[in-house]
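Here is the structure we will look at, set down as structure tokens.
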Amino acid sequence: MKKIHVTVIVLFSILLIGSASYGLLYMYVNQPALPKDVHVGGMLVEGKNRKNVLHELDEQIQKLEDWPVTFEVTEPNPQTMSYTAAQAGVSYNVKSLESAIQQLEEGNLWERAYARYHFPKEFSLDMTYNSRPLQEHLSPAWEKETFGTPADAVRRITTSDKVQYIPEKGVRRIDWDTLTNLIQTKLHRDFSVLNPEEKPAPLLIQVPLYTLKPEVTLDSLRQEGIDRKIIQFSTGLGNSSEGRIHNVSAAAEAINGMILPPDATFDYEKIIRKAEKDYGFREAPVIVNGTLTPGIGGESARYPVRCITQRY
């Protein structure tokens, strides 16, 4: 009888200790406050309610995304453009902390206890950058208006058959790769810069530029080896119809500037196809069996010509 009594006492004690241990573990796992010494982006968040801390951090993130950024262009005429960090394409998040808090609330009691015991002490404030919003502000149209458009180098033949060159004109354009690196380097990456008693000072970023050259440059013209005019021929259009004038002009524009090296083939059929694609042909008189007949493109389009240049 005495042994049974002792056994009951032992079992009851074990049950009581187990219940107490489970209760303490339950309280440990379900406490609302974050563990001690936890920092997010340099900000101490220990003891904060884990259900409210993300909302508080969202407010701090909004302040960083509202931080003013001034972009400065120094040429050709100095000017500045001001945007918020978010308007420039910057965004912040604390997804690593969100994931850690989620582990405190999911799984069985032992898994949640393990997650709390091993809860990290440091979480980064992650910044991501997308250049598209800023590229919409500083668009190609803005670049063209601000810096102008490139101009090809020009070769002219004087009346005395001398070759003259007019150099190309390069223009400035935004170096987006370098600008992206500058933004990612200069913008804030933690909460330590936030001071409720001070107005945020704008971050100044000088927009990096490079020179955009046209396709036709002085060097490319000189490399063609043209040093004099050999022959010139012209013919008038007389009383040609509006359609024929358009068609001849289209073909002339398609052939303008063409360089034929020795032994190359001049394929007029390809020229006509290019002119038709770029400018289109209109109705004009076409000679068919010695009779003028209305047609599209004129006689040249119907009877393509090929000639081969020769070396003399």
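Quick look at the numbers
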| item | result |
| --- | --- |
| Segment Thr74-Glu242, extension gain: residue separation times 0.36 nm, minus the distance between their alpha carbons | 55.5 nm |
| Stretchable slack from Ser249 to Asp126, in nm (0.36 nm times residue separation minus alpha-carbon distance) | 38.3 nm |
| If the convex hull is drawn through the Cα atoms of segment 79-211, its volume per residue in Å³ | 162 Å³ |
| Taking the C-alpha atoms of segment 65-141, convex hull volume expressed per residue in Å³ | 104 Å³ |
| Linear extension gain, Asn108 paired with Leu203, 0.36 nm per residue minus alpha-carbon span | 29.4 nm |
| Lysines with Cα under 18 Å of Lys169, excluding same-chain neighbours fewer than 8 positions away | Lys144, Lys213 |
| Expected-Rg normalisation [2.2 N^0.38 Å, Cα atoms] applied to segment 154-280 | 1.93 |
| Spin-label pair Glu224/Thr158, simplified geometry with 7 Å Cα→Cβ offset, distance in nm | 1.9 nm |
| Straight-distance crosslink candidates among lysines, where the alpha carbon sits under 19 Å from Lys121 and sequence neighbours closer than 8 are dropped | Lys36, Lys48, Lys51, Lys95 |
| Inter-probe distance in nm under a simple model that places probes 7 Å from Cα toward Cβ, at Thr149 and Asp267 | 3.0 nm |
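Bear in mind these aren't lab numbers, they're just calculated from the coordinates by the rules spelled out. Just so it is clear, the model here is predicted, and its values are computed rather than measured. Positions of Cβ are backbone-derived with ideal geometry, glycine not excepted, and every protein chain shown enters the neighbour counts.
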